[in-house]
2 protein chains.
Amino acid sequence: MSRRGFLALAGAGAGVAGGVALVGCDDASAGDAVDAADAVDVVAFHGAHQAGIATPAQDRLHMAAFDVTTDDRDELIGLLRAWTDAAAAMSEGRDVGEFGSMDGPYLAPPEDTGEAYGLRPSRLTITFGFGPGLFRDAEGNDRFGLADRRPAALRDLPHFPADALDPNRSGGDLCVQACADDPQVAVHAIRNLARIGFGTASVRWSQLGFGRTSSTSDAQVTPRNLFGFKDGTANVKAEHDELLDEFVWVAPTDDPAAAWLAGGSYLVARRINMHIETWDRTSLQEQEAVIGRDKRAGAPLSGGDEFASPDFDMTGAGGTAIIPPSAHVRVAHPAQNGGTHILRRGYNFADGTTGLGRLDAGLFFIAFTRDPDRHFIPLQTNLARHDALNEYIQHTGSALFAVPPGIEPGSFVGQQLFDR
Amino acid sequence: MSRRGFLALAGAGAGVAGGVALVGCDDASAGDAVDAADAVDVVAFHGAHQAGIATPAQDRLHMAAFDVTTDDRDELIGLLRAWTDAAAAMSEGRDVGEFGSMDGPYLAPPEDTGEAYGLRPSRLTITFGFGPGLFRDAEGNDRFGLADRRPAALRDLPHFPADALDPNRSGGDLCVQACADDPQVAVHAIRNLARIGFGTASVRWSQLGFGRTSSTSDAQVTPRNLFGFKDGTANVKAEHDELLDEFVWVAPTDDPAAAWLAGGSYLVARRINMHIETWDRTSLQEQEAVIGRDKRAGAPLSGGDEFASPDFDMTGAGGTAIIPPSAHVRVAHPAQNGGTHILRRGYNFADGTTGLGRLDAGLFFIAFTRDPDRHFIPLQTNLARHDALNEYIQHTGSALFAVPPGIEPGSFVGQQLFDR
């Protein structure tokens with residue numbers, strides 16, 4: 001019995017348990033058995049590209065990286081196949097399997113852990129990525145016979161100035177990004193994939209995000225980060241087909257060794273702690289000079305509305321630039337970075353308190369990029385050197401994954417990598 | 001300008017940014033200036049009891065405990081007054097003050113940190129509590145002249161069997177429980193109260209909860225905890241006036257030294273880690289025997305539906321009890337605890353991963369009780385000794401606070417404590 005079926009039986013109706021917004025959901029697809037209320041609440045799992053990249057960003061995140069603990073290629077393939085099947089089911093609001101019934105596996109552990117039973121599909125997307133360690137492990141072994149198919153750009157990101165990375169929050173052989181409008185649905189997804197991975201893959205790190213910080217559709221309102229500013233105003237969005245092709249999707253000719261990655265992308269994850277208490281003691285004038293935008297409306301300091309192009313040449317009294325040279329909006333702008341655009345899909349996080357009584361909070365930055373070497377690394381190098389925001393942030397985690405293309409029914413994620 | 005005002009101006013409309021459910025909100029009160037869509041999304045801050053206790057449980061939590069860093073009674077009163085005013089504003093969806101405008105304090109830090117600007121009120125409730133340290137600090141000093149008014153039951157909870165408490169997740173002089181349907185609204189509330197407290201109070205610990213695990217109204221669907229079971233079926237709820245009076249609200253005659261607490265309560269917080277991976281390898285039969293309920297429907301193993309009374313005398317084959325002697329539902333039941341009821345208001349949490357690659361996840365237990373000595377402590381002692389669940393959980397944090405009664409307009413939380 002599906003979660004949806006249970007809802008109908010229980011007469012619980014739409015919106016009671018999950019409390020989800022149904023806006024901006026252009027990519028929803030309705031299976032035959034899915035009723036109308038749930039249909040707009042389902043994002044198609046299958047397609048040319050994996051869901052969770054150019055589909056509208058949901059409100060909540062649970063992401064995990066895994067270390068693969070087997071050296072057996074067939075076990076790895078078995079894991080990817082089981083994960084794919086479970087992800088397809090959960091994306092439609094179905095359980096992974098029986099979770100609790102005398103008719104089910106009563107003397108065995110339930111196949112589904114059950115905590116999402118009765119909740120709506122909540123636009124859950126599950127996006128898989130492959131880390132460098134899948135192609136050659138830390139000792140240099142080609143344990144799965146994949147080394148010759150490693151994408152050239154798939155290696156640990158370089159050290160950027162002021163990086164303070166925690167190895168326990170960095171790297172990983174596999175990653176799973178679960179996004180949903182109900183956090184319990186996202187946590188359930190990661191937890192069930194971890195359960196399926198027992199003995200084959202173990203969780204290396206995981207991160208909850210409670211509020212999206214980017215729009216990935218023109219239909220979405222621009223959200224705010226924990227500095228109180230709108231974030232992602234100039235993001236690459238689902239409607240920008242040309243930008244997606246130029247800056248997000250890997251083309252078939254990009255990397256001869258990694259033709260299997262065509263239609264996929266690279267996922268960059270960066271855990272960026274914000275010095276909340278310091279920021280909160282900073283004047284509004286300083287905050288706006290650091291960002292280069294008006295705090296309330298999100299407009300560039302050079303004028304206009306949120307979506308106006310910044311005028312970096314505009315000067316004020318004494319000939320000084322209205323948008324300072326180190327303002328985040330200037331240093332990050334495509335005009336300062338060879339025209340580079342990035343599709344961001346990050347989340348605000350708050351993980352309690354540090355030993356010093358400060359909030360352990362910030363931005364869990366996620367970006368999808370066609371070529372980290374050409375796009376993300378030069379951009380981040382520029383930011384790490386020049387961005388005025390650096391006084392208020394610290395990068396504490398980092399990972400890079402190759403994201404296989406979309407999955408056809410009957411296949412599994414990354415199957416092209418394993419086919420010879 | 002209020003958040004609500006901004007919404008109207010921007011034409012953003014209801015539900016776009018926050019995505020909140022509007023169900024089960026009987027306690028909403030509409031101020032004159034609050035429009036109809038927001039009215040059901042506001043829980044009254046003022047009243048006979050503080051909001052966030054017997055009002056319907058929202059979906060998300062951010063709770064923080066603070067150490068008071070001043071020895072000055074007037075500064076403490078100033079903090080409580082400022083917190084009260086800010087909490088009243090935020091509960092109505094208003095900013096704490098100006099957060100970003102050339103007309104505002106441009107050369108000073110913004111009064112509101114801004115990340116909730118444009119979001120709905122989201123049924124935010126803010127509930128304050130006073131810890132033992134407010135009455136006598138760790139060195140035994142009566143720094144605020146309050147020692148003779150300490151409620152007799154307000155002291156550190158005793159050590160229970162198998163407790164593994166982290167001092168950095170325990171205790172505190174003050175606490176703030178912020179609950180809302182949008183986590184960004186709850187995080188914003190705690191963060192702004194922490195900002196107001198700079199120099200007077202510092203955060204000792206804080207905890208996010210992503211999914212409520214109790215219903216506090218008959219109108220709410222019973223949610224599930226991370227063991228996949230319904231939780232809080234037999235909870236004390238807002239509609240149970242007699243149980244609230246007997247087990248939640250402190251009566252004027254309860255404690256002659258602490259008449260100021262009449263109409264208030266005690267808040268017990270326990271961070272309960274769940275051994276998720278162990279549980280997920282346990283058979284359904286064992287899981288149901290541990291809980292004493294059916295996993296799918298939540299019915300007692302003795303039969304009936306979710307809300308049926310458990311029949312502890314029912315026996316099966318060989319005369320063994322259908323509900324085992326150590327089943328959680330039996331050990332926690334009022335019949336086994338002198339008739340004690342507890343109002344629970346806990347949340348599921350997931351704080352990433354332990355160093356061993358396990359999810360750092362579980363239940364952040366919050367309960368409100370009229371008398372910890374008579375109700376919570378005997379119950380928890382019984383559970384710690386006999387509950388079969390102990391094999392799968394570990395208590396890692398603990399705190400107890402006296403929760404002042406409700407706040408009248410113009411006064412501040414706990415004012416009765418300071419009036420002589």
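Computed from the coordinates by the stated procedures, all read-outs in this text should not be read as laboratory data. Note that the coordinates shown come from a computational prediction; the quantities given were computed from them, not determined experimentally. Neighbour counts run over all protein chains shown; Cβ positions are idealised from the backbone, glycine included.
Results, tabulated for the structure shown:
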quantity	calculated
Charge dipole (chain A, unit charges on Cβ, about Cα centre) - positive-most of A:MET274, A:VAL40, A:SER170	A:MET274
Mean separation of Cα contacts under 8 Å (6+ apart) over length of chain A, as relative contact order %	23
Crossing angle, helix B:376-386 versus chain B [Cα axis fit, 0-90 degrees, rounded to tens]	40
D (Stokes-Einstein, µm²/s), Kirkwood Cα radius, segment B:49-420, 1.567 mPa s at 4 °C	60
Whole-angstrom gap from segment A:336-371 to segment A:265-333, using each part's C-alpha centre	16
Global geometry of the protein assembly as shown, whether rounded, prolate or oblate, following the gyration tensor of its Cα atoms and the 1.5 cut on a/c	oblate
Rel. contact order, % - alpha carbon contacts under 8 angstrom, at least six apart, segment A:250-336	17
Chain B, rotation onto A, residue closest to that axis via Cβ, with its distance in Å	B:ASP351, 3
Amide proton proximity set for A:ILE393, modelled H, under 5 Å, gap of 5+	A:HIS275
Net charge of Cβ neighbours under 13 Å - reference B:PRO256; Lys, Arg +1; Asp, Glu -1	-1
Proximal charge balance of A:ASP166 [Cβ under 13 Å; K/R count +1, D/E count -1]	+1
Residue-averaged [θ]222 nm for chain B, counting only DSSP H segments that reach four residues, each worth -39500 (n - 2.57)	-5500 deg cm²/dmol
Inter-copy spacing of A:GLY97 label points, which lie 7 Å from Cα along Cα→Cβ, given in nm from shortest upward	5.9
Rel. contact order, % - alpha carbon contacts under 8 angstrom, at least six apart, segment A:317-420	24
Projected label distance in nm at A:ALA308 and A:ARG73, using a 7 Å step from Cα toward the beta-carbon	6.0
Formal net charge of residues neighbouring B:ALA138 (Cβ-Cβ distance under 14 Å; K, R +1; D, E -1)	-3
Values of log10 I(q)/I(0), in the order q = 0.20, 0.22 Å⁻¹, for segment A:184-302 under a Debye, Cα-only, solvent-free model	-1.20, -1.24
